[in-house]
Structure formats: structure tokens, C-alpha cells
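The values are calculated or read from the model by the stated rules, or taken from the named source; none is laboratory data. Because the structure is a prediction, the values reported are computed rather than measured. Every residue, glycine as well, gets a Cβ built from its backbone with ideal geometry; the counts of neighbours run over all protein chains shown. We work out accessible area using only protein heavy atoms, side chains counted, and drop any ligands, DNA or RNA first. Shrake-Rupley method; radii C 1.70, N 1.55, O 1.52, S 1.80 Å.
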Amino acid sequence: MKSEYLKWVHIHILEEEAHRVKAELSVDKDFPAFRGHFPKNPVLPAVSIIDLSLILIERLEEKHSFSDFKLEKTRFKSMILPEQKVQVEVESLSPHNWSVVWRRTPQFEECVTLKVCF
């Protein structure tokens with residue numbers, strides 16, 4: 001999963017601590033998912049947002065398998081467009097429980113919030 005995304009996703013780590021990472025990222029306009037979601041008005045699919053969130057969690061919890069996880073309190077407040085810069089903050093709430101907040105720059109308005117549990 002990771003290598004598939006990294007062809008089209010530009011990730012810049014802004015801050016990283018033991019239980020928290022903040023990154024700025026953007027997804028290239030040629031990302032294949034944009035062609036079908038939606039052809040004339042492309043937006044980043046929810047499944048891609050979840051996968052990218054897991055990639056960032058993996059930076060902090062390398063030993064865990066991500067084949068079994070649960071999403072709680074998921075909110076998609078606004079769309080993420082091709083090449084739009086977003087800031088993503090991942091924070092451990094407790095062992096195997098993570099908060100993920102996506103903010104669109106430059107206003108830093110929340111556009112997606114997730115709670116991921118393993």
C-alpha cells in the first residue's frame with residue numbers, strides 16, 4: 001500500500017515526537033483515483049485519506065499490522081482537491097488508539113477527523 005501512494009503523494013514531516021507526527025502533504029493531480037472520483041471535479045477519496053492516515057501512524061507504530069483496524073468518530077467536513085496542501089496531525093491517545101486531523105492550508109480549517117483503533 002505505502003509504495004503505491006508515495007508515487008503521487010508529497011509528504012513533508014513538520015514535527016515528530018514519540019507519540020505524535022505533524023506533516024504537510026499534497027496529492028499529485030495525476031493520482032489514478034482522481035480519474036474516477038470524480039472525472040470533472042476530482043476529490044481525494046475517503047479510502048485514500050484513511051490509507052494515508054495509516055501510513056503516518058505507521059511512522060510511530062512500526063510493529064503493528066494495519067490489516068485489522070476500526071474507525072470511530074469519523075468526520076469528512078470538506079473535500080481535498082488535487083495538489084491542495086493539507087496539514088495532517090496524528091497523535092496517540094492511548095496504546096493502539098490514534099487521533100488523526102486533516103486541515104486544509106493556509107486557513108488550517110479542519111476538513112477530516114478520524115479516530116483509528118487497532
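Can you give me the distance in nm between label points at E91 and E72, each placed 7 Å from the Cα along the Cα-to-Cβ direction?
About 1.7 nm, to one decimal.
So how tilted is helix 46-60 from the main axis of the chain? Cα-based, degrees 0 to 90, rounded to 10.
So the inclination is approximately 40 degrees.
What does the helix-only formula give at 222 nm for the chain: each DSSP H stretch with n ≥ 4 adding -39500 (n - 2.57), the total divided by the residues, and the result rounded to the nearest 500 deg cm²/dmol?
Values: 3 runs with 25 residues, N = 118.
Rounded to the nearest 500, it is -6000 deg cm²/dmol.
Restricting the count to DSSP beta bridges whose residues both fall in region 1-83, what percent are antiparallel, rounded to a multiple of 5? Show your work: numbers first, answer last.
Values: 8 of 8 bridges.
In region 1-83, approximately 100 percent of DSSP beta bridges are antiparallel ones.
Report ³J(HN,Hα) in whole Hz for each residue of region 71-88, in order, from the Karplus equation J = 6.51 cos²θ - 1.76 cosθ + 1.60 where θ = phi - 60°; Gly and Pro get x.
9, 10, 6, 8, 9, 10, 8, 7, 7, 10, 9, x, 6, 6, 7, 10, 10, 10
Using a 1.4 angstrom probe, figure out how much accessible area the chain has per residue, in square angstrom, rounded to the nearest whole.
Dividing the accessible area of the chain by its residue count gives 58 Å².
What number comes out for the charge environment of K29, summing +1 per Lys or Arg and -1 per Asp or Glu over other residues with Cβ under 14 Å away?
Numbers: positive: K7, R35, K40, K85; negative: D28, D30, E83.
Spelling it out: positives minus negatives among the neighbours equals +1.
Among E89, E58, E15, which one shows the highest mean-square fluctuation when the chain is modelled as a Gaussian network with alpha-carbon springs under 10 Å?
Comparing E89, E58, E15 in a Gaussian network model of the chain, the most mobile one is E15.
Using a 1.4 Å probe on the protein heavy atoms, what percent of the accessible area of region 26-118 belongs to carbon and sulfur?
On the way: 2620 of 5160 Å².
Here carbon and sulfur together make up 51 percent of the probe-accessible area.
From the cross-link list K22/K77; K22/K73; K29/K70, which pairs have alpha carbons spaced over 23 Å apart?
On the way: K22/K77 20 Å; K22/K73 20 Å; K29/K70 29 Å.
Violating the 23 Å Cα-Cα cut-off are K29/K70.
Project the alpha carbons of region 1-81 onto their principal axes and report the range along each, largest first, in whole Å.
Over region 1-81, Cα extents along the principal axes are 41, 26, 23 Å.
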